[in-house]
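Right, one structure below, let's go through it.
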Amino acid sequence: MSKTRFILRAASPDGIGILADVMGQLASHRVSVTESHDFGDPLTQRFFIWAKFEAEQGFNETAFTDGFSKLAERREMEWSLRSESDRPNALVMVSKGDHCLNDLLYRHRRGRLGASIVAVVSNHTDAKWHADRHDLPFHHVPVSKDTKAEAEQTLRDLIASSRADMVVLARYMQILSNELSRELEGSCINIHHSALPSFKGARPYHQAHERGVKLMGATAHYVTADLDEGPIIAQDVAPVDHRMSAERMAELGKDIEARVLARAVTAHAEGRVFLNGKRTVVFE
């Protein structure tokens, strides 16, 4: 008998019996939970639940939604339910560095990203061949000091026309305005190297090499009006030492950036990331 997989996510003020209430609702509809995570944060007094379950052909989604809505109202719970196959649409933005874009496109083609890439946007034309190779629309949106507002309006239009649910800054080297950053809060993911804030500007890995750093890494986070200070979704590091050249450090850093960004995009696309004040709860 065919089965459909659903993803349920819920967040509410912490309290006794929340998990039991949620699992009781699932059990009452005779679904099979294949994966679940929960976490109660003692600092924010919030409780988070993520669950994937399988339902047989006779599953009544409307009845489930009606019943769960009553529980959610009683528990002051924010929640959502979707089919696992309903993947969010992602619009990817890039400048000249294409290592993150290339990795995302490969995972997209293999069905391993968790999201469906619907367009590539860049302030340069260097990445067009990547989009062409994957039969994706490519939009060249040049940005200058005088045209920034116009370029951002074009971006808004592209997000709307492509029905993008999320925006991924895959080494997009333009700073979004505070207004646009606020509009995209919770749905725009950025990646940057761990050399920030110590080594800014051009050739950060070469600067790090000159200072003899011992760890290289990357951080993926949500974009906010506070530059590079949004809630962190994923991070990773790798050790380096005096034998490694600046060029090798840069290559290692790019590998980490691509890997960390893909983890963050997939976690967000699968609904595994919950905003929790200035932090996140991520169920991986």
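Put simply, when 229-239, 52-62 are sorted by average Cβ atoms within 10 angstrom per residue, most first, you get 229-239, 52-62.
Each of Lys3, Lys254 was scored by other Cβ atoms within 10 Å of its Cβ. Arranged with the fewest first, they read Lys3, Lys254. All Cα-Cα distances of segment 3-83, cut into 5 Å bins from zero to the largest, leave 3, 15, 29, 26, 16, 7, 3, 1, 0 percent in each bin in turn.
Here the residues Cys188, Cys100, ranked from fewest to most Cβ neighbours within 10 Å of their Cβ, fall in the order Cys188, Cys100. Extension gain for Glu73-His29 works out to 13.9 nm (0.36 nm per residue, less the C-alpha to C-alpha distance). For the options Ile256, Ile16, Ile175, a Gaussian network treatment of the chain with springs between C-alpha atoms closer than 10 Å singles out Ile16 as fluctuating the most. The H on the amide N of Gly230, modeled in the peptide plane, is under 5 Å from the matching H of Thr224, each at least 5 residues off or on a different chain. Where both bridge residues fall in the chain, DSSP classifies roughly 70% of the beta bridges as antiparallel. Taking every alpha-carbon pair under 8 Å whose residues sit at least 6 apart, the chain reaches a relative contact order of 17 percent. What the Cβ-Cβ distance of Val237 and Asp14 gives, at R0 = 25 Å and to the nearest 0.05, is a FRET efficiency of 0.20. Mean residue ellipticity at 222 nm, helices only, the chain: -10500 deg cm²/dmol; runs of at least 4 DSSP H residues each add -39,500 (n - 2.57), and the sum is divided by the number of residues.
Under 14 Å from a label point set 7 Å out along the Cα-to-Cβ vector of Lys3, the amide N atoms of segment 78-94 belong to 84. Placing unit charges on the Cβ atoms of the charged side chains and taking the dipole of the chain about its Cα centre, the candidate lying farthest along the positive direction among Ala11, Asn102, Ser177 is Asn102.
Dividing the convex hull volume of the alpha carbon atoms of the chain by its residue count gives 156 Å³ per residue. When each of Met23, Met216 is scored by the number of other beta-carbon atoms lying within 10 Å, the sequence from fewest to most is Met23, Met216.
Any chance you could run the full-extension gain for Arg182 through Glu284? It's 0.36 nm times the residue separation minus the Cα-Cα distance, nm to one decimal. Display every interim value, and only then the final one.
Numbers: separation 102, 0.36 × 102 = 36.72 nm, distance 2.66 nm.
The Arg182-Glu284 span can extend by a further 34.1 nm.
Every number here is computed from the coordinates shown, using simple stated rules; none is lab data. Source: prediction; values computed, not measured. Reconstructed Cβ throughout: ideal geometry from the backbone, glycine too, with neighbour counts over all protein chains shown.
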